[in-house]
Amino acid sequence: MNFDNKPEELHRQNIPTARLPSGTVIEIPILSYEAKAEGPTLFLMAGMHGDEINGVEIIRRIITQGLYKVSAGRVICIPVFNVFGFINFSREVPDGKDVNRSFPGSQNGSLASQFAYFLMQEVIPHIDYGIDFHTGGKQINNFPQVRAMLEDPTNKALANAFAPPFIINSPFREKSLRKESGKLGKSILVYEAGESLKLRKPAIDVGLNGMLRVMKHLGMIKEAPSPKSAPITISKSSWTRASRAGLHYAQARNGSFVKKGDIMGVISDPYGEYEKKIKATHDCYILSVNNNPVVNRGDALFHTGVVE
Ligand SMILES: [Zn+2]
C-alpha cells in the first residue's frame, strides 16, 4: 500500500481483501492523514475481533471529530479490520479462527492467516507505533486498561503516556499482532475496555483521551486532556474461577480495590439450597468482571491484579 498522500487531507483507500461465498468482494477501508511537518506514523486499529465495538466507535469519533489532524507525522486508521466478524457479531472470521492468533500469517493460509498476512505486508511496515483497540469477551467487562510489555522502554513509555486507569504488564502472546510487530521494532499497545457487542461511553472516552495523550507524547499534537488519575501498573494478574456451577451474582465493583477476605460475588443454585461466597484470596484490584449470571464450574468470574 502507498500512504504518501497529499498533506493535510484525509485519504481513504478501500482495499479488497476477500470475497464472500456469494461473490461480493469484502473491502477494508483504510484512512490516512499526513501533516506537512515530519514525524512518526501512528496506526489506530479496531475490530480485529469483529464483535469488539467500543474500538470501532473510538476510531469513528477520531474521524468525525477530526482528531487525526496531527501537526506532525502521519495517522493510519482501520476502523473495522475483521469485517466478517463485524457483520456476523463474532470475534472470529467465518472459519472460527482468531486473527490475533494467526500472525504473521500467510498468503495461502486460513482466512484469519490471510488477514494477518495482509496487515503485516501492507500496513505494519509503514508504521512506527500503534494502538489496537479491543474489549473483553462476551459478558466479560474489562475496566479500561492497556496491555503493554513493560520490559520494553518504548512500549512502557507509550502505556504511561496513554495513562489508562490500569496498565497491565503483558508478555507477548504467540502469533499476536503485538509480538510480530515487535519483532520489526514497531511498538503497539493493546487497549481493552468494556465488553463485546456493547457501546460504553466511559470505555470510549478513556480510549479517545488516551490516544490523544499518546499523540502528544510522540510530538504529533501540542495539547491533550490530562488523565483523571495516575495509572496503576499491575505486575501480576490472575482469574478467580467459579468453584461450582450456578447463578452468579457479582458484588465487587469493577476497577475497585478489594482486601483479602472481601466478598466479591455469590454463587447460588436456583432451588435455594446453597449460597457460596466468593472471597478475595489476597488484596487486589478488580480488572474485569464476568457479567454472565449463569456459570459453570471453572468459569472465569473476576480478573484481579496486584501491584508489586
Ligand atoms: Zn479482542
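Summary table
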item	result
Residue satisfying condition, being within 15 Å of the ligand (Cβ to nearest atom), surrounded by fewer than 20 Cβ atoms within 10 Å (Cβ to Cβ) and of a type in the set (S, T, Y), within set S90, S110, S71, S102	S90
Verdict on I167 being part of a strand (DSSP E or B), buried (at least 18 other Cβ atoms within 10 Å of the Cβ) and more than 16 Å from the ligand (Cβ to nearest atom)	yes
Residue among E9, E27 that alone is in a strand (DSSP E or B) and either at pLDDT below 95 or charged (D, E, K, R) (or both)	E27
Subset of segment 191-247 (residues that are part of a loop (DSSP other than H, G, I, E, B), under 22 Å from T135 (Cα atoms) and not small (G, A, S))	L197, K198, L199, R200, P227, K228, P231
Residue among F118, F133, F172, F143 that alone is within 13 Å of the ligand (Cβ to nearest atom) and either surrounded by fewer than 19 Cβ atoms within 10 Å (Cβ to Cβ) or not small (G, A, S) (or both)	F133
Extreme residue, nearest to the chain's Cα centre (by Cα), among residues of segment 83-114 that are in a loop (DSSP other than H, G, I, E, B) and within 18 Å of V25 (Cα to Cα)	V93
Pairs, first over 19 Å from Y191 (Cβ atoms) in segment 120-139, second part of a helix (DSSP H, G or I) and within 14 Å of the ligand (Cβ to nearest atom), C-beta under 9 Å, six or more apart	M120/L177
Unique match (being assigned to a helix (DSSP H, G or I) and of a type in the set (D, E)) among E180, E174	E180
Residue within segment 41-61 that is away from the ligand (no atom under 16 Å from the Cβ) and on the phi > 0 side of the Ramachandran plot present	no
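Condition check ((1) among the aliphatic types (A, V, I, L, M); (2) more than 15 Å from the ligand (Cβ to nearest atom); (3) more than 25 Å from G182 (Cα to Cα)) across all residues:
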{"position": "A37", "(1), (2), (3)": "yes, yes, yes"}
{"position": "I78", "(1), (2), (3)": "yes, no, no"}
{"position": "F86", "(1), (2), (3)": "no, no, yes"}
{"position": "D95", "(1), (2), (3)": "no, yes, yes"}
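The values are calculated or read from the model by the stated rules, or taken from the named source; none is laboratory data. The shown structure was predicted, so the numbers you read here are calculated from the model rather than taken from an experiment. Don't worry about glycine lacking a Cβ; one is built from the backbone with ideal geometry, like all the others, and counts go over all protein chains shown.
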